[in-house]
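The values are calculated or read from the model by the stated rules, or taken from the named source; none is laboratory data. In this text the structure is predicted, and so the values were computed from the model without any measurement. When we count neighbours, we look across all protein chains shown, and the Cβ atoms used for this are built from the backbone with ideal geometry, even at glycine.
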Amino acid sequence: MGGAAHETEAKEDSGVFGISFPKFLVLGLVIVGIIVAFRLISVMKRQQEIARRNQRERARQRPQHDPRPGQRQIEDMAACARCGAYIAAEAGGCGRKDCPFGKSMR
């Protein structure tokens, strides 16, 4: 008789198909966690794609001949006829009084 009472108690504690409520709860939390993780990854990928698209659009809209902010523009160099030093063509002179490029840089 003791064995039959023990089997009845075990069936009552085990719940449906031998799985108890705490096990169902943990299983549900794991499933919810997986769903939330996939949604988070999806949102992050979408934001990265939007950022890449915006960056490409800004690059397309920026004129190709303008330097980027913070970069210096390339200037043509010219040799001074008096001293032979190369200076920027629009610099205004090499610093000598008789410079053919214009005013002295002193």
| message | Condition first: at pLDDT 75 or above and assigned to a loop (DSSP other than H, G, I, E, B). Now tell me which residues in segment 75-95 satisfy that. | response | Glu75, Asp76, Cys80, Cys83, Gly84, Ala85
| note | With the first residue restricted to segment 68-85 and required to be over 28 Å from Arg58 (Cα atoms) and surrounded by 10 or more Cβ atoms within 10 Å (Cβ to Cβ), and the second required to be at pLDDT 75 or above and among the hydroxyl-bearing types (Ser, Thr, Tyr), Cβ contacts under 8 Å at 6 or more apart or on different chains are Met77/Tyr86; Ala78/Tyr86; Ala79/Tyr86; Cys80/Tyr86
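Of Gly15, Gly33, Gly102, which residue is at pLDDT 90 or above, surrounded by 10 or more Cβ atoms within 10 Å (Cβ to Cβ) and out of contact with any Leu (no Cβ under 9 Å at 6 or more places or on another chain)?
Gly33
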